[in-house]
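The values are calculated or read from the model by the stated rules, or taken from the named source; none is laboratory data. What you see is a predicted model; the values in this text were computed from it and never measured. A quick note on method: Cβ atoms are made from the backbone with ideal geometry, for glycine too, and the neighbour counts reach across all protein chains shown. Note: accessible area is taken over every heavy atom of the protein model, side chains too, but ligands, DNA and RNA are not part of it. Shrake-Rupley method; radii C 1.70, N 1.55, O 1.52, S 1.80 Å.
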Amino acid sequence: MLRPLCRSLSRQRRLFYCSGAAQTQEDDDNLQVLLRRKRKTEWKRRQGGQSFLDNLVINVRGMQRGDGCVAFHREKWKPMGPPSGGSGGRGGDVYILPTPNLTTLSSIPKRVRGAAGGNGQGTWQNGKNAPPTIIKVPLGTVVRELLPGDSRRAKDEWEAEEESLQGLDPEERRAKLRDDRWVHYPRYADDNAEAALYREERARRWARKQRLLSPINLDLDKTEEVMISDDAPLGMGQHEWLGHIVARGGNGGLGNPHFLSPISRSPKFATRGHEGERITLYLELKILADIGLVGMPNAGKSTLLRALTGGRAKTSCWYAFTTLNPIVGVIRVAEDGTFEGALQEPGHDFDVHETFRFTVADNPGLISGASENVGLGHSFLRSMERSLALVYVVDLSQPEPWDELRDLKDELEKYQPGMSDKAHMVIANKADLLGGEGDPDAEYVKTEMIVKTPDGERILDMSQNLKKVVVLMQKYVQQARTVKV
């Protein structure tokens, strides 16, 4: 009786293992499908051989300092000279600088390290201070420091040291701490002045905790210049603006002459330099454009931008979802309202007549549920957040174009309350498909597909009123810039 029972149990166990293996294999297949889709999406978002990136997490470290030196002065007829060890140089600070020439975060490394300071040497030679390291980011980048508790945050300098001491007994822990803080003359490893050093260290720990109460939060929407006062002395050098400091380098170590006292006439120890600050930053790029085009996929936004810029804006076309990255074009306007895109041969000759210019962003198409991050919803909406004014582009060849306009308004309002108030105009694409005065679609467009502005209500035909569109956009930009100033 036992043998058949054992055989049945073993058969059931094999069936259970087989079903578990099949389930695991199915999960692996689903994961591979998701990864394949993600790689395909990232590949599509690369345009012109460049990778567009609008959010990034980077680890920044102000580099370590130079160590102090233990040395004694020696020369002829003076075999027992005084202490002559130099101090170490200061580690390099890390700055973040907004640059108008960049349009993506793809050129920024995920790990940024400052330059290391030089070590001190004999005959009172101090180490060289390290030069600063500058992280260049595009205009419109928002920088936030990740606080403890965020899974994306790396350990700071004190947490990293505590992790390196885990698993050591008290004697080994003490030996490692002393080795990280002191430089000794040979065979003189026990002669230290540790009390003063640890008092300073406690002060630095307290200052680091106080900094977490006011974390870094920068909105880099403009560049700055260093202004020299008119009362400054002649020949005073002009220093270039380095940006905002985000991580400070460590101070250099002290050479043994700093420990000379009436009691200790021959100090045989020096200090190592301090570790630089370690922080984790989250960078988010929000495109700076005066006018943002908002519409469903394949609504005609790219065609409109090419018409306004005279074909200078390199946009995609022909099918839906070809614009996966924001594309910014420059509109140049003359005094009489003529814009460069309307000319047969746009180019440098228009520089003489140009009196005003503004930028227009061709944003990726929105879909229903974008405010809930469906697809790449938040990536699309992020690029419209900074625009001074928004313009809806609606395709009138669709069966119910008024539903598209309603969805666009709802998605903007759900993503950020009040964002739909930036809309000033609706551009009706393919308006020539509408009928005459008695067409119900045309009547609905005139009564419902409108945007209320302080100047009234308007709907424009893209194919016939391009000059009027540019004049109205120029007025919106001028008003927004005046209010912003």
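Output the strands (runs of 3 or more DSSP E) that fall wholly within the stretch 119-189 and possess 1 or more residues being more than 17 Å from the chain's Cα centre (by Cα), or say none.
Numbers: elements: 133-138, 141-145, 182-184.
In the stretch 119-189, the matching strands (runs of 3 or more DSSP E) lie at 182-184.
Testing Asn325 on (1) open to solvent by 10 Å² or more (accessible area, probe 1.4 Å); (2) at pLDDT below 80, one condition comes back false. Which one is that?
The single condition Asn325 does not satisfy is (1).
Which one of these does Pro98 not meet: (1) crowded, with 21+ Cβ neighbours inside 10 Å; (2) assigned to a loop (DSSP other than H, G, I, E, B)?
Failed condition: (2).
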